[in-house]
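To keep things clear, I will list the structure first and then write my remarks on it.
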Amino acid sequence: MKKKLAALNIGTIVALGALFAIVYYLLLRDNFLHASISSIISNSHHLEVKKRVLVHGLLPIYIATMIFGAAMLGIYIGSSFQQFLLRSIENEKLPS
């Protein structure tokens, strides 16, 4: 039985790199979206103790969702881009 592995093509690698850079920026840098880890922690200081503990407890799930969501989106965008390029190259090779 052959194992089929998802082939990482150049489109997927470029999309993954771009999306990981965006997620890295969103998680570690303070920006206008207030989606960084430090923004979430500083905004949670104004909450009650129970809600603050809940926010801090859900923070690892938020980080994992951002990272794995970017990975899934990068694979989808990269494979779609690669298929688009392959179709356009095949259309140019076909004789009229």
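Data overview
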| read-out | value |
| --- | --- |
| Some residue of the stretch 39-46 being of a type outside the set (S, T, N, Q) and touching a Phe, Trp or Tyr at 6+ places or on another chain (Cβ under 8 Å) | yes |
| Single match in Leu86, Leu94, Leu58, Leu73 (criterion: modelled with pLDDT under 85 and either within 19 Å of the chain's Cα centre (by Cα) or more than 18 Å from Ile10 (Cβ to Cβ) (or both)) | Leu94 |
| Residue match in the stretch 54-67 (condition: surrounded by 11 or more Cβ atoms within 10 Å (Cβ to Cβ), touching a residue at least 60 places away in the same chain (Cβ under 8 Å) and not aromatic (Phe, Trp, Tyr)) | no |
| Some residue of the stretch 23-43 being of a type outside the set (Val, Ile, Thr) and over 20 Å from the mean Cα position of the chain (by Cα) | yes |
| Single unsatisfied condition, Lys50 versus (1) in a helix (DSSP H, G or I); (2) more than 24 Å from Asp30 (Cα to Cα); (3) modelled with pLDDT under 95 | (3) |
| Tabulated pairs, the stretch 27-50, first within 21 Å of Gly69 (Cβ to Cβ), second charged (D, E, K, R) and not in a helix (DSSP H, G or I), C-beta under 8 angstrom, 6+ apart or interchain | Ser36/Arg29; Ser36/Asp30; Ser38/Asp30; Ser39/Asp30 |
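The values are calculated or read from the model by the stated rules, or taken from the named source; none is laboratory data. For clarity, every value in this text was computed on a predicted model and none was experimentally measured. As a convention, Cβ positions derive from the backbone with ideal geometry for all residues, glycine included, and neighbour counts pool all protein chains shown.
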